[in-house]
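**Student:** Structure incoming, see below.
The values are calculated or read from the model by the stated rules, or taken from the named source; none is laboratory data. This structure is a prediction, so every number in the text was calculated from the model and none was measured. For neighbour counting, all protein chains shown are included, and Cβ atoms are generated from backbone atoms with ideal geometry for every residue, glycine included. The protein model used for the area step is the full one, side chains on, heavy atoms only, and it has no ligands, DNA or RNA in it. Shrake-Rupley method; radii C 1.70, N 1.55, O 1.52, S 1.80 Å.
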Amino acid sequence: MTKRFDPIVFIVDDDEAVRDSTAMLVRSLSLRAETFASAQEFLDDFDAQQPGCIVLDVRMPGMSGLELQEKLAEEGATIPIIFITAHGDVPMAVSAIKRGAMDFIQKPFRDQELIDKIQAALCRDAEVREAMTDRERFKGRIALLTPREREVMDLVVEGHANKVIAAELGLSERTVEIHRARVMAKMAADSLAQLVKMALLVREKD
Amino acid sequence: MKTESPAQRVTDEAGAPIVYVIDPDPSVQASMASLLDTSGIRGAVFETAAEFFAALDPRAGACVITELHLPDMSGLEIQRRLADFSADLPVIILASDANVPTAVSAMNSGAYDFIEKPFVNRVLLERIRQVLRRRSRDDRMELQRITP
């Protein structure tokens, strides 16, 4: 089980004053902040295991914010990105969101607005990481099922009654009941609803 | 194209998916109708959300292009309702008073695209074609899946 890290708000902006003031704002919320003067510096340091979010300027010398977003997407990184910019326009904002940015705000903005968006981004990051961990755990449990138990589980999760499953698989109802009970135990599911949730989570993206 | 009134259906290329357009401005209705017609794309143009929903056939639709501000409903509300129907109809928002926060909000609510007015015909057309290609690819995949 991976160790839980405290989330970090990464601030990437070539303007030192902006970096410093944003970092101060973040730390005033008792959150960790790390600043980078360029996209490349951030990438050099990037660790996908580290929870957090990025507050990212669009326009920087060298690699732009949008290029950084693309690079992170190529690596399959899911860290939420909040773009901040003095120069943005509607097409740019739409493009950034289409490519997966969580938000896009224009300067000047109120501190509270950025705070709210950072909180939302950290929440989203935590949810995504938890889902990924849950998914791995459930996949692991499914791997412990026998092929027959797997067949029964798939039909149970689709909502079929034991009688129907028995007919479908050519088993007695009693045998289906036994398999079903084993599935519930191996999956550590307390209810059908829970089992369905697990199955759906595992099926996502497959 | 036989469109005389905004709610009339274009009938060339029968069977082709329909691009639904909703806009209160008659000049936008006319220019959209003309754009679709000259591109050989089947379209249906409406003035209000109510008219659109009355005529909507989700299975026949390719996408919905709607102005953000309609007399009877917001374009975002239309999108929400379509999502509730599980219509799988991409919604492109056209906005006469666009700004970054509105655009971001629309995209985060699930809009397929958000374009400021006045829009460039070529750009909008390319987006529509993107949606149609995706739709036709999805249809082919679906067909492959269900025909062994």
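**Student:** On the full set of protein chains, 1.4 Å probe, figure out the accessible area of A:HIS160 and give it in Å² to the nearest 10.
**Tutor:** About 70 Å², ignoring ligands and nucleic acids.
**Student:** Another question, if that's okay. Mind checking the dipole of chain B: about its Cα centre, +1 per Lys or Arg Cβ, -1 per Asp or Glu Cβ, Debye to the nearest 20?
**Tutor:** 660
**Student:** A further question on this structure: Sorted by accessible area (1.4 Å probe), largest first, how do B:VAL21, A:VAL18 line up?
**Tutor:** A:VAL18, B:VAL21
**Student:** So, one more: Hey, for a label at A:VAL128 modelled as a point 7 Å past Cα toward Cβ, could you say which residues of region A:100-119 have their backbone N under 15 Å away?
**Tutor:** Residues A:100-104, A:118-119 qualify, since their backbone N sits under 15 Å from the label point.
**Student:** Work out the charge dipole of chain A with +1 on the Cβ of Lys and Arg and -1 on the Cβ of Asp and Glu about the Cα centre, then indicate which of A:MET102, A:ALA193, A:HIS160 is farthest towards its positive end.
**Tutor:** My answer, from the dipole projection, is A:HIS160.
**Student:** Let me ask something else. Would you mind calculating the relative contact order of chain A from Cα pairs under 8 angstrom and at least 6 residues apart, reporting the percent as a whole number?
**Tutor:** About 15 percent, as a whole number.
**Student:** Find me the longest stretch of chain A that has none of the exposed GluC sites (Glu not before Pro), where exposed means in a DSSP loop (not H, G, I, E or B) with at most 15 other Cβ atoms within 10 Å.
**Tutor:** It runs A:76-157.
**Student:** Mind grabbing the interface size between B and A? I mean buried accessible area, both sides, 1.4 Å probe, in Å² to the nearest hundred.
**Tutor:** So the total buried area for this chain pair works out to about 900 Å².
**Student:** Something else now. Computing the accessible area with a 1.4 Å probe over protein heavy atoms, can you report the carbon and sulfur percentage for the protein assembly as shown?
**Tutor:** With neighbouring chains kept in place, the figure for the protein assembly as shown is 51 percent.
**Student:** Can you work out the FRET efficiency for the pair A:ASP44 and A:SER191, with r the C-beta to C-beta distance and R0 = 45 Å, to the nearest 0.05?
**Tutor:** Working from the Cβ atoms, E equals 0.40.
**Student:** Could you tell me which of rounded, prolate or oblate describes region A:1-125, using a ≥ b ≥ c as the square roots of the eigenvalues of the alpha-carbon gyration tensor, with rounded for a/c under 1.5 and, failing that, prolate when a/b is larger than b/c and oblate otherwise?
**Tutor:** rounded
**Student:** Which residue, A:LEU72, A:ILE11, A:SER28, has the largest displacement toward the positive end of the dipole of region A:1-102 when charges sit on each Cβ (Lys, Arg +1; Asp, Glu -1)?
**Tutor:** My answer, from the dipole projection, is A:SER28.
**Student:** How about region B:67-112: which of its residues lose at least 50 Å² of accessible area in the presence of all protein chains relative to their chain isolated, using a 1.4 Å probe?
**Tutor:** B:VAL100, B:VAL104, B:MET107
**Student:** Now for a separate question. Just read off the accessible area of A:MET102 with the full protein assembly in place, 1.4 Å probe, to the nearest 10 Å².
**Tutor:** 30
**Student:** Please name which of A:GLY88, B:PRO58, A:ILE118 has its Cα lying farthest along the dipole of the protein assembly as shown towards the positive end, using unit charges on Cβ (Lys, Arg +1; Asp, Glu -1) and the Cα centre as origin.
**Tutor:** Of the options given, the answer is B:PRO58.
**Student:** To the nearest Å, what is the center-to-center distance of region A:120-136 and region B:84-123, using C-alpha atoms only?
**Tutor:** 28
**Student:** Lysine pairs in region A:48-139 with Cα distance under 22 Å, only those 8 or more apart or on different chains: how many are there?
**Tutor:** So the count works out to 4.
**Student:** On to the next question. When the chain is fully extended, how far beyond the present Cα-Cα distance does A:HIS87 get from A:GLU16, taking 0.36 nm per residue of separation?
**Tutor:** 23.8 nm
**Student:** Let me ask you something else. So which residues of region A:69-110 lose at least 50 Å² of accessible area, probe 1.4 Å, when you go from the chain by itself to every protein chain present?
**Tutor:** SASA drop of 50 Å² or more in region A:69-110: A:VAL90, A:VAL94, A:ILE97, A:LYS98.
**Student:** Report relative contact order for region A:121-206 in percent, whole number only (criteria: Cα-Cα under 8 Å, sequence separation at least 6).
**Tutor:** The normalised contact order for region A:121-206 reaches 36 percent.
**Student:** To continue, here is another question. Using the 2.2 N^0.38 Å rule of thumb for compact globular proteins, work out how chain B stacks up: its C-alpha Rg over that value, please.
**Tutor:** Against the empirical 2.2 N^0.38 Å value, I get 1.01 for chain B.
**Student:** On alpha-carbon atoms, Rg over Rh for region A:20-79 using Kirkwood Rh?
**Tutor:** Dividing the radius of gyration by the Kirkwood radius yields 0.96.
**Student:** Would you mind checking the tilt of helix A:111-142 against the longest principal axis of the Cα atoms of chain A, expressed as 0 to 90 degrees and rounded to 10?
**Tutor:** Around 30 degrees separate the two axes.
**Student:** Further question: With every protein chain kept in place and ligands, DNA and RNA left out, what is the accessible area per residue of the protein assembly as shown? Probe 1.4 Å, answer in Å².
**Tutor:** With all protein chains present, the protein assembly as shown gives 53 Å² per residue.
**Student:** Oh, and also: Given 0.36 nm per residue, what is the gain on full extension from B:ASP37 to B:ASP139 after removing their alpha carbon distance, in nm?
**Tutor:** Full-extension gain reported as 34.4 nm.
**Student:** In degrees between 0 and 90, to the nearest 10, how far off the longest principal axis of chain A does helix A:147-157 point, with axes built from Cα atoms?
**Tutor:** With rounding to tens, the tilt is 70 degrees.
**Student:** Quote the Stokes-Einstein diffusion coefficient, in whole µm² s⁻¹, for the protein assembly as shown, based on the Kirkwood radius over alpha carbon pairs, a temperature of 20 °C and a viscosity of 1.002 mPa s.
**Tutor:** 90
**Student:** OK, next. Beyond 19 Å, what percent of the Cα pairs of region A:95-191 remain?
**Tutor:** The calculated P(r) of region A:95-191 puts 60 percent of pairs beyond 19 Å.
**Student:** Okay, next question. Can you tally the net charge around B:ARG127? Count Lys and Arg as +1, Asp and Glu as -1, for every other residue whose Cβ sits under 15 Å from the Cβ of B:ARG127.
**Tutor:** Local charge sum for B:ARG127: +4.
**Student:** Out of residues 5 or more away from B:ILE115 or on other chains, whose amide H comes under 5 Å of its own, with H placed 1.01 Å from N in the peptide plane?
**Tutor:** Result for B:ILE115 returns B:ILE93, B:LEU94, B:ALA95.
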